[in-house]
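Take a look at the structure set out below.
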Amino acid sequence: MAELDTSGGGKKGGGKVRSKKASTRVDLTAMVDLAFLLITFFILTTTLAKPKAMDLVMPDKDEKQQKQEPIADNRSLTLLLGANNKLEWYVGQVTKPIEGPTVGGYGKNELRKLLEVEGKKVLANSGKEMFVLIKPSDQSVYNNVVAVMDELNIVNNQFRAIVDISSTDVALLKRDGLYK
């Protein structure tokens, strides 16, 4: 039990005779209980911050289960993520592109429109969905990778891969001023 004792002290020596004050006793138990109840209430009713996470499906490490099928050049779109929040894209291979290379941005008017238009072209020509290769350079930022993945989710593209960028791709980015 918590209490506050405010009794007058003892005698300190000579002097005038004063009347002894009655000690006041305050029981603080109820206030301590109330404080803990309030703390508990606010902790339990506060909304905790929900973690922001993106689901990624990673391949198995077992080499026996890794079966890579070749993808036709007319079905593959490559996104090279460069510096200054810019990207470069092409369809096919970097040495002999079917379409591109073209410099663009990450907005819904640029990247999303590109993904929708190219996806419809691939679906009309081959009857299969487009495969998107994302190649971030060391000049790009993490936010750019997240923006690309978000746009792919918005256009409902299921076939994508984040792969290492090649020296030929880096040379292409340097040529167009997206790599320092």
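The values are calculated or read from the model by the stated rules, or taken from the named source; none is laboratory data. Since the model is a prediction, treat every value here as computed from it, not as a measurement. Don't worry about glycine lacking a Cβ; one is built from the backbone with ideal geometry, like all the others, and counts go over all protein chains shown.
Brief remarks follow.
- Scoring L38 on the criteria (1) of a type in the set (A, V, I, L, M); (2) part of a loop (DSSP other than H, G, I, E, B); (3) modelled with pLDDT of 80 or more leaves a single failure, condition (2).
- Single residue of region 114-150 satisfying the filter (in contact with a helix residue (DSSP H, G or I) (Cβ under 8 Å, 6 or more places away or on another chain) and of a type in the set (G, A, S)) that is nearest to S76 (Cα to Cα): S126
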